[in-house]
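> Below are the structure tokens for one structure; questions will follow.
What follows is calculated from the coordinates using simple rules that are stated; it is not laboratory data. Everything numeric here is computed off the predicted structure, so don't read it as measured data. Using ideal geometry, Cβ is built from the backbone for each residue, glycine included, and neighbour counts are taken over all protein chains shown.
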Amino acid sequence: MAKSKFQVEVLTPEGEVFNDEVEMLATRTAVGSIGVLAHHQPLLAMLDPTELRLYRTESDIVRFAQGEGYLQVAENRALVLVEEAHAPDQLDVAQLEERLSAAEKALSEAEEGSEAQRLAERDKRRWEAFLSIARG
């Protein structure tokens, strides 16, 4: 039996990266992982860096390395607004390792409780997640 589909749009500051119907959306919010199916209750959630998976079917999955952002679900549509979204094959492992190293250095040098510490922690989480996705 075919599963119901719903419209999903993924937007970054650079523009639209995905706009199609899917059977399921899977991502990670600030409070944990979530899967969204058609006719989901309205939802607004903060997103953490992770792998965004968009299931057109069980075997046709579109994947993105997703940065921080927001997920809005309403009226059988989902809107994913994120700082960045990259296909895994577009990720450069060496570049991500360099960014992770820079974030770790910034974190070690940041003053406890400072904005610099918060930003370094955020960057470290993002580059760790992206690196994990890039390595498969």
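> By counting other Cβ atoms within 10 Å of each Cβ, how are Lys5, Lys105 ranked from fewest to most?
Lys105, Lys5
> Regarding the stretch 6-86, what whole-number volume in Å³ per residue does the convex hull of its Cα atoms give?
74 Å³
> In deg cm²/dmol, rounded to 500, what helix-only [θ] at 222 nm does the chain give when every DSSP H run of at least 4 residues adds -39500 (n - 2.57) and the total is split over its residues?
That calculation yields -9500 deg cm²/dmol at 222 nm.
> Over all Cα pairs of the chain, how is the pair count split among 5 Å bins, expressed in % and running from 0 up to the last occupied bin?
Bin by bin from 0 Å, the calculated values are 2, 11, 18, 21, 18, 13, 9, 5, 3, 1, 0, 0.
> Return Met46, Met24 ranked ascending by Cβ neighbour count within 10 Å, so the fewest neighbours appear first.
In increasing order of surrounding Cβ atoms, one gets Met46, Met24.
> Taking the chain as the reference, fit the longest principal axis to its C-alpha atoms, fit the long axis of helix 115-135 to the helix C-alpha atoms, and give the angle between the two in degrees, 0 to 90, nearest 10.
60 degrees
> Let me ask you something else. Return one number: the angle in degrees, 0 to 90 and rounded to the nearest 10, between the long axis of the Cα atoms of helix 93-109 and the longest principal axis of the Cα atoms of the chain.
Roughly 50 degrees between the two axes.
> Report the residue, chosen from Glu16, Glu75, Glu115, that carries the largest GNM mean-square fluctuation when the chain is represented by alpha-carbon nodes joined by springs under 10 Å.
Looking only at Glu16, Glu75, Glu115, the biggest GNM fluctuation is shown by Glu115.
> Ranked by Cβ crowding within 10 angstrom, fewest neighbours first, how are Phe64, Phe6 ordered?
Least to most surrounded, the residues fall as Phe6, Phe64.
> Note the per residue figure in Å³ for the convex hull of the C-alpha positions in the stretch 91-135.
50 Å³
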